[in-house]
Amino acid sequence: EVLQTKEAVDAVDRTRALAILVPALAPAPGRATISYVFGYQSQRLAAINIAWVLEGEPGAAQRDALLAAGTQLTGELVGHQWSVGSFIRGHVLGPGTLVMFSGRDAQGGGVEVRLDGMGLAMEQRIAGADAPARPSVWVPAPSGAARLRYSLVSQVERPDVYRPAAGSF
């Protein structure tokens, strides 16, 4: 069952997108939005983004369910043969934001699994190899919504977006 569909044009990169809101989509809980993004020049499918958003102030169990879903998606990606240096795992971007997995294939396509609005156990880095290990520090989730995003992009380095002509401003 589709709850809503919406078509839009991005004002900056001039790509078209079709977003579909569905009541449920495995593996994460709650409603999901599936967005199909079409390139500016080619008008071909350039990206697929799936977002599960828990609005308001989700509880610990709801946030844990998002984490479990992200872990499942990440586990499926880790099983592929990625070239050395073409992927990262467990990269903290800021308070409550974790890139669980980001990878790029030999053809330039990319995939990312990202959590926002999550509490994180942060490892404390210590300078020097001889320094004693220190326990992790728990950084609670920021207030507000929590989100799991799964993105597939056809060309990470050469996106099909509008580019102003050189010297046009």
Point to revise | Length-normalised contact order of the chain in % [C-alpha pairs under 8 Å, at least 6 apart] | key: 22 percent
Study note, to complete from the structure: The answer for the chain, accessible area per residue at 1.4 Å probe in Å², is 63 Å²
Revision key, fill the gap. Expressed in square angstrom to the nearest 10, the accessible area of Val53 with a 1.4 Å probe stands at 50 Å²
Check your understanding: When the accessible area of region 26-81 is computed with all protein chains present and a 1.4 Å probe, what percentage of it is carbon and sulfur?
Key -> 55 percent
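Note down the net charge around Ala24, summing +1 for each Lys or Arg and -1 for each Asp or Glu among other residues with Cβ under 10 Å from its Cβ.
0
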**Study point:** Ordering of 27-36, 13-22 by packing [mean C-beta count within 10 Å, highest first]
**Key:** 27-36, 13-22
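With each run of n ≥ 4 DSSP H residues scored as -39500 (n - 2.57), what mean residue ellipticity at 222 nm is computed for the chain after dividing by its residue count and rounding to the nearest 500 deg cm²/dmol?
After summing the helix terms and dividing by residue count, I get -4000 deg cm²/dmol.
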Revision key, fill the gap. Eigenvalues of the alpha-carbon gyration tensor of region 18-169, times 5 and square-rooted, give semi-axes in Å, largest first, of 30, 23, 16
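Kindly sort Leu66, Leu45 by accessible area of their heavy atoms, largest first, with the probe set to 1.4 Å.
If we order Leu66, Leu45 from most to least accessible, we get Leu45, Leu66.
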Review point. Counting pairs of Cα atoms in region 52-96, how many percent are more than 16 Å apart?
Key: 54 percent
Review point. By how many degrees, between 0 and 90 and to the nearest 10, does the Cα long axis of helix 60-78 differ from the longest principal axis of the chain?
Key: 70 degrees
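The values are calculated or read from the model by the stated rules, or taken from the named source; none is laboratory data. From a predicted model like this one, the values you see are computed outputs, not experimental measurements. Neighbour counts are summed over all protein chains in view; Cβ atoms, including those assigned to glycine, are modelled from backbone coordinates with ideal geometry. Keep in mind that these areas ignore ligands, DNA and RNA; they rest on the heavy atoms of the full protein, side chains included. Shrake-Rupley method; radii C 1.70, N 1.55, O 1.52, S 1.80 Å.
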